[in-house]
Amino acid sequence: MMYPLNNISFTAKPGETTAFIGSTGSGKSTLVNLIPRFFDVTEGSITLDGVDIREVEKEELRKNIGYVPQKAVLFSGTIASNIAYGCENASEDTIEEAAEISQSKEFIMAKPNKYQSSIAQGGANVSGGQKQRLSIARAIARHPKIYVFDDSFSALDFKTDAVLRKELSKVTGNSTVLIVAQRISTILHADKIVVLDEGKIAGIGTHKELMKNNEVYRQIASSQLSQADIEATLA
Amino acid sequence: MAHGAMKSGEKAKNFKKSLGKLIAYIGNYKFGLIAVMVFAIGSTVFNVVGPKILGNATTEIFNGIMSKLSGGSGINFDAIARIILLLLVLYVVSAVFQFIQGFLMTGISQKMCFKLRKELIEKINRMPMNYFDTRTYGEVLSRITNDVDTLGQSLNQSVTQLITSVTTIIGITYMMFTISPLLTVITFVILPLSVFMMSFIVKKSQRFFRDQQAYLGKVNGQVEEIYAGHNIVQAFNREEEVIAEFKATNKKLYESAWKSQYLSGLMQPIMGFVGNLGYVAVAIVGGILAAKGTITVGNIQSFIANVKQFTQPIGQMAQVSNMLQSAVAAAERVFEFLDEEEEEQKAENHAPIKACELEGNVEFEHVRFGYNPDKIILKDFSADIKSGQKIAIVGPTGAGKTTIIKLLMRFYDVNDGSIKIDGHNIKDFDRSELREVFGMVLQDTWLFKGTIMENIRYGRLDATDEEVIAAAKAAHAHHFIMTLPGGYDMELNEEASNISQGQKQLITIARAILADNRIMILDEATSSVDTRTEERIQKAMDNLTKGRTSFVIAHRLSTIRDADLILVLKDGDVIEQGNHEELLRKGGFYAELYNSQFEQTA
Ligand SMILES: Nc1ncnc2c1ncn2[C@@H]1O[C@H](COP(=O)(O)OP(=O)(O)OP(=O)(O)O)[C@@H](O)[C@H]1O
Ligand SMILES: Nc1ncnc2c1ncn2[C@@H]1O[C@H](COP(=O)(O)OP(=O)(O)OP(=O)(O)O)[C@@H](O)[C@H]1O
Ligand SMILES: [Mg+2]
Ligand SMILES: [Mg+2]
């Protein structure tokens, strides 16, 4: 039996951002999918505030999680119904706030029917990045204790990505933020970066630390940034 | 209520229209149907004359006993034996005919279903993209599965029964007339009564048959959508709401099904009752006539048997009408979809060359386009691309990048301006031949349930295993495929969720490499692939796209750094163009976009 993940240990703290990077198929999604218990660990354990998550009711556990999947999934309905998906009685303010933080407001307001614009099955009538932002808004509207972003900035341009994360950091406050990403720029300022390689941890640290002592991470960085750019990030 | 009344009137008209269409469609199988009719009629005729002949036997026995009582020769057993033998032959022939007729009819209805399914599938491919913006795929697919099934099954049974019933009624009427015109007229009194009852029920219940098929489609759509997004349903604790929503639709389905079945189920007992009334009337009048001696006992027996045979097909027609109603309701949905407006597939004035001979100079001239007329996405897009160039389109999300690709491939048509390849307007090629010019990897990966080998081979169906593997190697998918259980024979599940997102993209890239088309389109093709793997794929891609035009859309600017021409799109307009260095030096929007990646955010 081959496990997609082996021997993973780390702690993500409230108020901090923990990022995951690693090659395709290295187990990033598998790892974060363990948190809302889409699967349970085979060996070892995941604890939330000291309690094994397998002891917590799934519904109770998931209430605290704002999950943004790697492949944005929207349901047929309206923009509002999709943002409010995780909290039945979300007020208009909550919906608008979530739209604003997720950088969706601008394109929503540009649509003839605003928040009542219809969404086709799977979100086929919005652009890739818009779909992703709506699925981020859906998670924000829940005001969760734990945010899980599974490579969910990949369809955003650098600028929107940066602004979105800046706005997001204002509301995540004491929440625990987990971000899976492929772009170095997305995780540059994370408090802790976990480098995954073939299901194992290849290194943990901040960008600067990893640049100094982690070969895998250095390779990833140099595949994206020129030498000058890298210097700039270390300055 | 006035609204409801109007609606039901509309439905009745639809019923006739759909029935007409259905009959016209069945008309395609004229010869088969004529054969079915001949055998059905034959089988029925023999069935109908049965009682008359049996009556002869009874008369023979009756006469024999009477003559024996008056000291005559007694029963003529030879005559009876002959009659019975004849009867036997008739019934056997009738059974054989019935068998042949059933065999033919099943063939016809199944062939028809096959053809309908094929037409529906082909139709889906010809539908404009925006058709699916307002409804779920599951609902549309339900027309191919549930509706066609219902249609086939009910048709198979109802057509034969209808022919048999009508023939039986005509045949029996004739037989009855030869026995006693008076009694026949009495029997006939029940006919208008039956017809009236029947049409009343059909009118009331047809609505529910339609609702039943429509809700079946809705249930299908809901299930399919929830299934595709079940992770999200779970993560957001929506299980209960989803179940409640499902229950609500399911309840409506139940109610309409219950009503349609109940109402049409009433038909049988009502018809039975009406038939029995006629039966009683005939028995009384027949008795009187026999006592008077104006009719033989045998004839009365035949006649009463005939009356039974007469009410039976009427009851059968009641049953048939139930099936026929389902069939019409299903047919209505099927034909409604087939009649939807579609994209025209063939070019009106075909360009002087075939699309496969194109070199790949692409020219956008003042293209203007909006999905809705009141919201224009591309205002005035122009670009001139030389064959062999690598073009990158960048810009903020929602700028219209994917839209340009959709226009180029004619999933949508421009409102104004034109797109030309080698100077020929793309409208002057047939849609399918035009699309074959493009190899594409789109933002939403599309894989199907099947092995990895099959999924890659989809790019070029006649590729050998070796070619598939070579393409996978070029896409850097080979390594991970070999580590999967089963390797190339690993079965992807329906959502292809048993491999990682990046791995999915690698497989679609392998597919495009295998397909080897003139113009390559990569819309965020590597957005989920790590940058180290991407670098390696890029080398393979560069070899592949050498000498052919390629369009690359990517937010990750490292992906497009070495493009010949970068078009910077903002709000549907090209605001800058040039190569990476030029644009950085220029210090405009592109440079800003590029530099924003290092911004401090926390
Ligand atoms: N089927 C549709 N019906 C109506 N509007 C649509 C449809 N598809 C896209 N749009 C709108 O058209 C605009 C451009 O979409 P497009 O998909 O071209 O963006 P894009 O540049 O590819 O963005 P991204 O980088 O996010 O993929 C968006 O505002 C989007 O909401
Ligand atoms: N449902 C599943 N069943 C079996 N194997 C799976 C399943 N999901 C993923 N895998 C395998 O587990 C490994 C890790 O996959 P995972 O989705 O965690 O990768 P990832 O790091 O998120 O990659 P990417 O960056 O491409 O999204 C891969 O080799 C994948 O093929
Ligand atoms: Mg993943
Ligand atoms: Mg797009």
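The values are calculated or read from the model by the stated rules, or taken from the named source; none is laboratory data. Since the structure is predicted, the reported quantities are computational estimates derived from the model, not experimental observations. Cβ placement follows ideal geometry from the backbone for every residue including glycine, while neighbour counts extend to all protein chains displayed. Protein only, heavy atoms only, side chains kept; ligands, DNA and RNA dropped before computing areas. Shrake-Rupley method; radii C 1.70, N 1.55, O 1.52, S 1.80 Å.
Some notes on this structure:
- Projecting label points 7 angstrom from Cα along Cα→Cβ for B:Leu584 and B:Lys30 puts them 7.5 nm apart.
- Within chain A, longest stretch clear of exposed chymotrypsin sites (Phe, Trp or Tyr not before Pro) (DSSP loop, no more than 15 other Cβ within 10 Å): A:40-235
- Counting DSSP beta bridges with both ends in the protein assembly as shown, the antiparallel % (nearest 5): 45
- Highest average first, the peptides B:211-224, B:84-97, B:522-535 ordered by how many other beta carbon atoms sit within 10 Å of their residues are B:522-535, B:211-224, B:84-97.
- Computed 3J(HN,Hα) for the range A:170-183, one whole-Hz value per residue from the Karplus formula 6.51 cos²θ - 1.76 cosθ + 1.60 where θ = phi - 60°, is 6, 9, 6, x, 8, 7, 8, 10, 10, 10, 9, 8, 9, 8, glycine and proline marked x.
- Accessible surface for the range A:1-136, divided over its residues, is 46 Å² per residue with a 1.4 Å probe.
- Across chain B, the mean sequence separation of Cα contacts (distance under 8 Å, 6 or more residues apart), normalised by length, yields a relative contact order of 14 percent.
- Low-density loop positions, trypsin sites (Lys or Arg not before Pro), the range B:380-459 - DSSP coil, at most 12 other Cβ in 10 Å: B:Lys449
- Ellipsoid semi-axes for chain B, based on the Cα gyration tensor and the rule √(5λ), read 73, 25, 22 Å when sorted largest first.
- Dipole magnitude for the range B:2-338: computed about the Cα centre from +1 point charges on Lys and Arg Cβ and -1 point charges on Asp and Glu Cβ, it is near 700 debye.
- Counting, for every residue in B:531-537, the Cβ atoms of other protein chains within 10 Å of its Cβ and taking the mean gives 5.
- Whether the range A:72-143 is rounded, prolate or oblate, judged on the alpha carbon gyration tensor where a/c under 1.5 counts as rounded: rounded
- Working from Cα pairs under 8 Å separated by at least six residues, relative contact order for chain A is 31 percent.
- Per residue, the range B:164-253 exposes 51 Å² of solvent-accessible protein surface, assessed with a 1.4 angstrom probe and all protein chains in place.
- Loop GluC sites (Glu not before Pro), the range B:429-509, which have at most 13 other Cβ atoms in a 10 Å radius of their Cβ (DSSP): B:Glu494
- Cβ-based charge dipole, the protein assembly as shown, positive-most Cα from B:Ile456, B:Val223, B:Ala515: B:Val223
- Distance-filtered residues of the range B:323-355 - backbone nitrogen under 20 Å, label point 7 angstrom along B:Asp430 Cα→Cβ: B:342-355
- To put it simply, the accessible area of the protein assembly as shown at a 1.4 Å probe is 57 percent carbon and sulfur.
- Inverting the pair-averaged 1/r between distinct Cα atoms of the range B:16-75 gives 15.3 Å as its Kirkwood hydrodynamic radius.
- Chain B against chain A buries an accessible area of about 5300 Å², both chains summed, 1.4 Å probe radius.
- Restricting the trypsin sites (Lys or Arg not before Pro) of the range A:89-150 to loop positions (DSSP other than H, G, I, E, B) with no more than 16 neighbouring Cβ atoms within 10 Å leaves A:Lys145.
- Inter-chain Cβ neighbour average for residues B:555-561, partner chain, 10 Å: 5
- In order through the range B:28-43: 3J(HN,Hα) via Karplus (6.51 cos²θ - 1.76 cosθ + 1.60), integer Hz, x for Gly, Pro: 4, 10, 2, 5, x, 5, 4, 4, 4, 4, 4, 5, 5, 5, x, 4
- B:Asn250-A:Gln116 pseudo-label distance in nm [points 7 Å out on the Cα-to-Cβ vector]: 3.2
- Ordering of B:475-481, B:574-580 by burial proxy (mean other Cβ atoms within 10 Å per residue, highest first): B:475-481, B:574-580
- Most simply put, the range B:518-602 has about 55% antiparallel DSSP beta bridges, counting only bridges with both residues inside it.
- Residues of the range A:16-57 whose accessible area, computed with a 1.4 Å probe over protein heavy atoms, drops by at least 50 Å² once all protein chains are present relative to their chain alone are A:Thr24, A:Phe38.
- Interface residues in the range B:218-262 - accessible area drops by 50 Å² or more relative to the isolated chain, probe 1.4 Å: B:Glu225, B:Asn231, B:Ile232, B:Ala235, B:Phe236, B:Asn237, B:Arg238
- Selection from B:Ala305, A:Asn33, B:Cys113, by position along the positive dipole direction of the protein assembly as shown (Cβ): B:Ala305
- Shape of chain A, Cα gyration tensor, a/c cut at 1.5: oblate
- Span from the the range A:147-181 Cα centroid across to the the range B:523-590 one, whole angstrom: 24
- Protein heavy-atom accessible surface, 1.4 Å probe, per residue over the range B:392-494: 42 Å².
- Annotation for B:Lys375 and B:Val89: the two label points, set 7 Å from Cα along the Cα-Cβ direction, are 7.9 nm apart.
- A straight Cα-to-Cα reach below 23 Å connects B:Lys539 with the lysines B:Lys386, B:Lys390, B:Lys473, B:Lys504, residues fewer than 8 places away in its own chain not being considered.
- Cross-link pairs beyond the 29 Å C-alpha cut-off, checked among B:Lys375/B:Lys427; B:Lys251/B:Lys375; B:Lys354/B:Lys406; A:Lys131/B:Lys546; A:Lys71/A:Lys145: B:Lys251/B:Lys375; A:Lys131/B:Lys546
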